[in-house]
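For reference, the structure discussed in these notes is given below.
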Amino acid sequence: MKRSIDRICTTHVGSLARPPALLDLMRAAAEGRDCDPAELAKAESAAVADVVARQRAAGLDVISDGEQSKTGFFAYIGERLSGFEPRPGRNPLDTFRAEIDAFPEYYEQYLKVAMTGGMVARAVPLGCTGPVVYIGEERLRRDLENLRAAAGDASPDEVFVSAVAPSGVGGNEYYPSEAAYLDAVADALHVEYQAIVDAGFTVQIDDPFLTDVFSYSTASAEEKLATARRYAGAINRSLRGIPRDRVRLHTCYGINEGPRVHDAPLAEFIDVLFTIEAGAFSFEAANPRHEHVYRLFESATPPPGTVLLPGVISHATSIVEHPDTIADRIVRFAERVGRENVVASADCGFSSQATYTPEIHPRIVWAKFQALTEGARRATARLW
């Protein structure tokens, strides 16, 4: 796992905007129109090469493929697992109903173009109707080969690949219990996680679903904790045999520039979060709803050897953070957990869905990354 040994290192969360040429082909394929597979493969390879080069040019230390080939950070998994059928009657945004209902006029406008509203391929919830088996080996192989070609001989510490958590894959209609269902999904996703590590990369598990339990569930506090523990247990099952230092865990509250008054504080679930067998943890700490979270680490102690990847730039505002503000955020964490245990990151991805209208314009995203690396340089000057 990358550590800030002699300076503050930088990374991000994963998803970045896809180029229009690739989006056109992805939309054609999703709509069943003529789409030359060779042309699509060429566009994916070119997009990964470009996004890797731009991350390096921005000065990021730990990079990814920007999830260029994926229609969405969780939607992609429907192509890689058997045993699921689409459930178009379900609304993927129902989870956020309390937030939407609290600010209906805002979200009526916002959701027309943001979040799932602008996707090139509509996000359709999935129902599990049969045995879950991983069938995405060929698609995954192409993704990993494209990233390796772009990243060259970069070490596992320098490149990560995002993958959805077991709790983000559809709903159970087949297995006798939710626990049995999560076990089956975890076993299937283990194939993807292991392949990423075997290819010489670090795997990042994306799990915003953990925060949903505490933000939106109407269950009792005890029931919420029990659900969260099941989610964490499923992740650990899926990671069996994979070293902790090859695993990053990202949790967040989704790409949402809304009021976010229902976001549960990290303090409510940090104990469960730290039971996950990951070597690094990524979480929101830059936007106004969560910037205070650094104070939690005055009492909360991460597992030994853990690296924190706090967000010090936000996906929820188009304002490009000043490098001194970024440096202040980094120093707060470094003073509490040790400078070597902090790698500066973003709150969330900047295009979790393949869309022509990402919430933050790509030109602004790259300006944020430049500010991030400059902020890390300024924090280094203060900490060393």
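The values are calculated or read from the model by the stated rules, or taken from the named source; none is laboratory data. Since the model is a prediction, treat every value here as computed from it, not as a measurement. Note that each Cβ is placed from the backbone with ideal geometry, even for glycine, and that neighbours are counted across all protein chains shown. The protein model used for the area step is the full one, side chains on, heavy atoms only, and it has no ligands, DNA or RNA in it. Shrake-Rupley method; radii C 1.70, N 1.55, O 1.52, S 1.80 Å.
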Query raised in the report: If the viscosity is 1.002 mPa s and the temperature 20 °C, what translational diffusion coefficient in µm²/s does Stokes-Einstein give for the range 297-384 when Rh comes from Kirkwood over Cα pairs?
Result: 156
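How big is the convex hull of the Cα atoms of the chain, per residue, in Å³? Intermediate values should be presented prior to the final figure.
Numbers: hull volume 48.8 nm³, N = 384.
Value for the chain: 127 Å³ per residue.
Note down the Stokes-Einstein diffusion coefficient of the range 243-316 in µm²/s, whole number, using a Kirkwood radius over alpha carbon pairs, 10 °C, and 1.306 mPa s. Please report the intermediate quantities before stating the final value.
On the way: Rh = 13.0 Å.
Stokes-Einstein gives a translational diffusion coefficient of 122 µm²/s.
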Report summary line: Once GLU145 and VAL133 are pulled to full extension, the length gained, defined as 0.36 nm per residue separation minus their Cα-Cα distance, is 2.1 nm
Report summary line: With GLU158 itself left out, Lys, Arg at +1 and Asp, Glu at -1 over residues whose Cβ is under 11 Å from its Cβ give -1
Requested in this report: Using a 1.4 angstrom probe on heavy atoms only, work out the carbon and sulfur share of the accessible area of the range 168-212 in %.
Outcome: 53
Report task. Could you work out the per residue convex hull volume over the alpha carbons of the range 111-162, in cubic angstrom? Result -> 155
Query - For the range 232-377, average projected area of the Cα convex hull in nm² - result: 9.2
Report summary line: Among trypsin sites (Lys or Arg not before Pro) in the range 220-282, those in a DSSP loop whose Cβ has at most 14 other Cβ atoms within 10 Å are ARG240
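P(r) tail for the range 48-145, what percent of Cα pairs lie past 17 Å? Numbers along the way, then the final one.
Working: 3124 of 4753 pairs.
Value for the range 48-145: 66 percent of Cα pairs lie more than 17 Å apart.
What's the local net charge at ASP6, with K and R +1, D and E -1, over the other residues with C-beta under 11 Å away?
Working: positive: ARG3, ARG7, ARG339; negative: GLU340.
For residues surrounding ASP6, the net value is +2.
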Report summary line: Within the chain, the percent of DSSP beta bridges that are antiparallel, given to the nearest 5, stands at 25
Query - Principal axis dimensions, largest first and in whole angstrom, of the range 215-263 by Cα - result: 39, 28, 11
Report task. Grab every C-alpha pair in the range 114-262, bin the distances at 10 angstrom width from 0 up to the longest one, and report whole percents. Result -> 10, 34, 37, 17, 2
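Where does the range 336-384 land on Rg(C-alpha)/(2.2 N^0.38 Å)?
Relative to the 2.2 N^0.38 Å estimate, the range 336-384 comes out at 1.45.
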Report summary line: Counting only protein heavy atoms and rolling a 1.4 Å probe, one gets per residue an accessible area for the chain in Å² of 40
